[in-house]
Amino acid sequence: MPRLLFVSGSLRAASSSRAVIRALIDRIGTRADCIIADPGALPHYNADVQDDPTVAAFIGEVEQADGVVFVTPEYNYSVPGVLKNAIDWASRPAYASVFLDKPCFVITVSGGVMGGVRAQAHLKYILNGMLAQTFACKEVVVPQSNATVTDGVFKNDDVLDFALANLADFMATLDS
Ligand SMILES: Cc1cc2nc3c(=O)[nH]c(=O)nc-3n(C[C@H](O)[C@H](O)[C@H](O)COP(=O)(O)O)c2cc1C
């Protein structure tokens, strides 16, 4: 069974991207061992800090994952700072970090109609810079995400079906 690490770029309790993660994990069921990272627990990136346990835990989660699934909103046409901060922590040493050759899958979310496509392009560029292996497929985007969350439950079956079909293809490529 592959081990998937889900990483959201939103910290808020009512986050639609976190609701998407919960819906995906629910549908994946026993097909993968799914873990959710907590980028909000990490300190701001500081190269002088070498012994932070939350940083070590996050790097360990990335290292142990067969695949990393990002589900992030777009903030100001790019990725949220909290997500970039988490990625930066796990990105050293350059070109030889836990992201080297790490299979990654990108889903973006937005409250508007664009589904975060600009953040999606930025995130894939960042992953490319770390020599990660980003799964190539049609862009998986979640537009108008807040309108499809009720009481914390994401309800758009068309979006979930499309995301799950591509995630299944991604999981089929993973060594576990
Ligand atoms: C600081 C900030 C910047 C945002 N910038 C964008 C943006 O550039 N494009 C967009 O489509 N939505 C933008 N939004 C709206 C988010 O897509 C929307 O708030 C979304 O619900 C956030 O994801 P979440 O529900 O997981 O927290 C922005 C929201 C915030 C708080």
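The values are calculated or read from the model by the stated rules, or taken from the named source; none is laboratory data. All figures in this text were calculated on a predicted structure; none of them were measured in a lab. We place every Cβ from the backbone using ideal geometry, glycine too, and count neighbours over all the protein chains shown. For accessibility, only protein heavy atoms count, side chains too; no ligands or nucleic acids. Shrake-Rupley method; radii C 1.70, N 1.55, O 1.52, S 1.80 Å.
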### Task
Skip the ligands, DNA and RNA, and give the accessible area per residue of the chain with a 1.4 Å probe, whole Å².
49
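Rounded to a whole number, what % of the accessible area of the chain do carbon and sulfur atoms account for, probe 1.4 Å? Kindly include the intermediate steps, with their values, before the conclusion.
Working: 4430 of 8580 Å².
Carbon plus sulfur share of accessible area: 52 percent.
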### Query
For the stretch 105-146 and the stretch 38-103, what is the separation of their Cα centres, given in Å?
16
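Sort 90-96, 12-18, 103-109 by packing, meaning the average of other beta carbons within 10 Å per residue, with the highest value first.
Values: 90-96: 14.1, 12-18: 18.0, 103-109: 25.3.
Sorting 90-96, 12-18, 103-109 by mean packing, highest first, produces 103-109, 12-18, 90-96.
Averaging sequence separations of C-alpha pairs under 8 Å and six or more residues apart, then dividing by the length of the stretch 24-124, give the relative contact order as a whole percent. If you can, show how the numbers build up before the last one.
Working: 110 pairs, mean separation 29.7, N = 101.
Contact order relative to length: 29 percent.
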### Message
Student exercise: in the chain, how many lysine pairs 8 or more apart or on different chains have Cα atoms under 19 Å apart?
### Response
4
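As a check on your grasp of the helix formula, calculate [θ] at 222 nm for the chain: sum -39500 (n - 2.57) over DSSP H runs of n ≥ 4, divide by the residue count, round to the nearest 500. Each step should come with its number before you reach the end.
Values: 5 runs with 63 residues, N = 176.
The helix-only estimate for the chain comes to -11500 deg cm²/dmol at 222 nm.
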### Summary
Between the Cα axis of helix 117-129 and the main Cα principal axis of the chain, the angle (0 to 90°, nearest 10) is 30
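Report the trypsin sites (Lys or Arg not before Pro) located in the stretch 121-176 that are in a DSSP loop and have at most 16 other Cβ atoms inside 10 Å of their Cβ, or state none. Can you show the working numbers first?
Numbers: sites: LYS124, LYS138, LYS155; in loops: LYS138, LYS155.
Those satisfying the criteria are LYS138, LYS155.
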